[in-house]
Amino acid sequence: MSKPTPVHATMNQFEVRDNQILIGGKDLDTLCAMLDKSVFYAYDKNVVKAQIDLFHQAIPKHIKLHYAIKANPYPPLVNAMKDWVEGFDVASQKEMLLAVQSGMPVKDISFAGPSKQESEIKAAICAGVTLHVESELELSRAIEFGDELGILPIIAFRVNPAFELKASGMKMGGGPKQFGIDEERLMEILPVLDYEKIQFRGFHIYWGSQNLKQEAIMDAHNKTFALAQRLIDLTPTSVETVNIGGGFGIPYFAGETRLDLKPIGENLHTLLGQYPALANIEVIIELGRFLVAEAGIYASKITDKKVSRGHTYLMTNGGLHHHLSNSGNFGQVIRKNYPVAIGNKMNSEANKESVTAVGPLCTPLDTLADKMMLTDPQIGDWLVIFQSGAYGPTASPQDFLGHPHVVEIVL
Ligand SMILES: Cc1ncc(COP(=O)(O)O)c(C=O)c1O
């Protein structure tokens with residue numbers, strides 16, 4: 001088995017010219033002028049495409065790549081990605097409409113989420129996307145609404161597997177969970193279900209997210225294939241698709257290393273050989289942040305600089321209200337710094353200072369960078385937070401304290 005590539009949390013995915021970071025070939029002053037805003041998210045399509053290429057180089061061609069729109073639903077980005085991935089996973093009616101209007105064929109759009117409202121179930125049936133059903137009542141509602149509408153609902157079961165993702169990362173399967181139907185209960189349902197009332201597609205086995213341990217992901221894949229085979233064996237009709245989850249993480253913090261996709265791909269290749277039932281149907285991996293997180297930055301301006309009892313604070317026009325995940329309040333237990341740099345002093349090591357960068361909110365949680373060594377940070381400079389292409393504006397409390405919302409651009 002090959003060794004993981006030891007690349008640290010990255011700040012080298014963008015071009016730098018004359019000390020300026022370039023996103024899609026444009027420096028921050030130019031983006032600021034284009035947007036008429038001095039705080040923004042900027043995404044580089046080439047970096048997204050490079051991540052997608054990495055996936056395709058390592059993962060067997062048989063396995064399709066779907067993008068989980070929740071990671072970054074900025075419409076121009078989603079529209080661009082439509083031609084680079086083979087499907088979209090959506091988690092709300094709004095995301096569903098975005099996916100449908102992107103031109104992605106509806107057969108390649110799936111709708112998952114633990115508490116779908118009746119209107120969402122009806123909307124999904126009318127749109128013709130695959131409903132990833134997460135409870136027995138949701139299934140009966142889908143059948144009932146399908147009956148009323150005269151449309152067969154397209155159904156896949158979201159399975160709460162009995163196994164748990166090993167190692168770190170966000171676990172979303174195993175034990176009691178709000179997601180999906182427990183595998184043991186599903187095994188009772190499958191043999192007796194009235195398949196005439198639905199268009200049955202298959203299974204969605206999602207076990208977690210943000211995992212950087214290839215061994216843990218391979219272990220989850222081994223268990224997922226075994227579980228899928230058991231479910232297929234119990235299903236008296238044909239199974240068209242199995243979504244084997246996602247979970248590929250990206251390095252956010254110092255000391256974290258990039259996931260090595262090569263052994264994951266080799267293991268999947270072996271599994272497809274071991275389980276012909278899966279080698280002959282559609283198999284999907286669905287990824288969010290792995291595809292987009294490294295392609296985005298959050299840029300704000302340093303607007304004040306002050307010293308409090310010997311410690312230097314940079315005040316900025318950006319903050320937690322735009323970027324909750326960077327503040328450490330979106331899934332982290334202890335806050336760690338994202339990679340941060342002064343975007344107009346990229347190649348310089350001069351006058352490094354230990355500083356804390358904060359936003360305008362009246363809470364100590366509004367910290368963009370805590371005690372970080374930054375190059376000669378001055379009022380008017382650009383503070384750039386890397387790894388910001390996923391779970392940014394739409395995962396942040398933008399109305400908190402009434403400051404302006406943030407703008408986005410993709411190039
Ligand atoms: C069902 C499902 N799919 C995909 C994702 C995307 O996760 P990530 O962005 O870590 O790839 C999530 C995350 O919560 C999820 O719940």
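The values are calculated or read from the model by the stated rules, or taken from the named source; none is laboratory data. Since we're looking at a predicted model, the values are computed, not measured. With ideal geometry, Cβ positions are generated from the backbone for all residues, glycine too; neighbour counts draw on all protein chains shown.
Which residues, counting only those in region 242-270, are surrounded by fewer than 21 Cβ atoms within 10 Å (Cβ to Cβ), of a type outside the set (A, V, I, L, M) and not in a helix (DSSP H, G or I)? Matches in region 242-270: PRO251, PHE253, GLY255, GLU256, THR257, ARG258, ASP260. Please determine whether any residue of region 373-385 is part of a loop (DSSP other than H, G, I, E, B), within 23 Å of LEU35 (Cβ to Cβ), in contact (Cβ under 8 Å) with a residue 60 or more places away in the chain and within 16 Å of the ligand (Cβ to nearest atom). No, region 373-385 contains no residue that is part of a loop (DSSP other than H, G, I, E, B), within 23 Å of LEU35 (Cβ to Cβ), in contact (Cβ under 8 Å) with a residue 60 or more places away in the chain and within 16 Å of the ligand (Cβ to nearest atom).
A quick yes/no check of all residues on (1) in contact (Cβ under 8 Å) with a residue 12 or more places away in the chain; (2) under 28 Å from GLU15 (Cβ atoms):
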position: THR257; (1), (2): yes, yes
position: ASP260; (1), (2): yes, yes
position: GLY265; (1), (2): yes, no
position: LEU272; (1), (2): yes, no
position: ASN280; (1), (2): no, no
position: GLU286; (1), (2): yes, no
position: ILE297; (1), (2): yes, yes
position: ASP304; (1), (2): yes, no
position: HIS322; (1), (2): yes, yes
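Here GLY328 clears all of (1) surrounded by fewer than 21 Cβ atoms within 10 Å (Cβ to Cβ); (2) within 16 Å of the ligand (Cβ to nearest atom) except the condition numbered (2). Quick check on my filter: what residues within region 145-196 are buried (at least 16 other Cβ atoms within 10 Å of the Cβ) and aromatic (Phe, Trp, Tyr)? Scanning region 145-196 gives PHE145, PHE157, PHE163, PHE179.
On the stretch given as region 332-358, residues that are closer than 16 Å to SER308 by Cβ and either of a type in the set (Ser, Thr, Tyr) or assigned to a loop (DSSP other than H, G, I, E, B) (or both) total 2.
Flag: ILE232 does not match the condition of being surrounded by 18 or more Cβ atoms within 10 Å (Cβ to Cβ), within 24 Å of the chain's Cα centre (by Cα) and among the hydrophobic types (A, V, I, L, M, F, W, C). Flag not set for GLY273, criterion: away from the ligand (no atom under 16 Å from the Cβ), under 19 Å from HIS66 (Cα atoms), surrounded by fewer than 20 Cβ atoms within 10 Å (Cβ to Cβ) and not assigned by TED's automatic domain parsing to the domain that holds LYS37. When region 99-112 is filtered for residues that are within 28 Å of GLN57 (Cβ to Cβ) and either without any contact (Cβ under 8 Å) to a residue 60 or more places away in the chain or not small (Gly, Ala, Ser) (or both), the ones remaining, listed by number, are ALA99, SER102, GLY103, MET104, PRO105, LYS107, ASP108, ILE109. Within region 140-159, does at least one residue satisfy the condition of being within 16 Å of the ligand (Cβ to nearest atom) and either part of a helix (DSSP H, G or I) or without any contact (Cβ under 8 Å) to a residue 40 or more places away in the chain (or both)? No; the residues of region 140-159 include none that is within 16 Å of the ligand (Cβ to nearest atom) and either part of a helix (DSSP H, G or I) or without any contact (Cβ under 8 Å) to a residue 40 or more places away in the chain (or both). Which one is farthest from LEU212 (Cα to Cα), of the residues in region 244-262 that are out of contact with any Ser or Thr (no Cβ under 6 Å at 6 or more places or on another chain) and more than 16 Å from the ligand (Cβ to nearest atom)? Result: ALA254.
In the set (1) farther than 25 Å from LEU234 by Cβ; (2) assigned to a strand (DSSP E or B), the condition left unmet by SER119 is number (2). State which residue is nearest to the ligand (Cβ to nearest atom) when the search covers only region 188-218 and only residues that are farther than 16 Å from SER140 by Cα and among the aromatic types (Phe, Trp, Tyr). So the residue we want is TYR206. Looking at region 7-63 only, could you name the residues that are surrounded by fewer than 15 Cβ atoms within 10 Å (Cβ to Cβ), part of a loop (DSSP other than H, G, I, E, B) and among the basic types (Lys, Arg)? The one that is surrounded by fewer than 15 Cβ atoms within 10 Å (Cβ to Cβ), part of a loop (DSSP other than H, G, I, E, B) and among the basic types (Lys, Arg): LYS61. Scanning region 97-113 for residues that are part of a loop (DSSP other than H, G, I, E, B) and surrounded by 15 or more Cβ atoms within 10 Å (Cβ to Cβ) returns SER102, MET104, ALA112, GLY113. Within region 219-243, restricting attention to residues that are touching a residue at least 60 places away in the same chain (Cβ under 8 Å) and out of contact with any helix residue (DSSP H, G or I) (no Cβ under 8 Å at 6 or more places or on another chain), the residue that is farthest from the ligand (Cβ to nearest atom) is LYS223. Within region 281-318, the set of residues being under 28 Å from the mean Cα position of the chain (by Cα), farther than 26 Å from ILE250 by Cα and assigned to a loop (DSSP other than H, G, I, E, B) comprises ILE281, ASN317.
Does SER348 qualify as being at pLDDT below 95, under 29 Å from ALA33 (Cβ atoms) and within 30 Å of the chain's Cα centre (by Cα)? So SER348 does not fit the description; no.
Within region 68-96, the set of residues being among the charged types (D, E, K, R), within 16 Å of the ligand (Cβ to nearest atom) and either part of a loop (DSSP other than H, G, I, E, B) or at pLDDT below 95 (or both) comprises just one member, GLU86.
Against the definition (within 16 Å of the ligand (Cβ to nearest atom), closer than 25 Å to VAL410 by Cα and not hydrophobic (A, V, I, L, M, F, W, C)), how does GLY288 come out, yes or no? So GLY288 passes the test.
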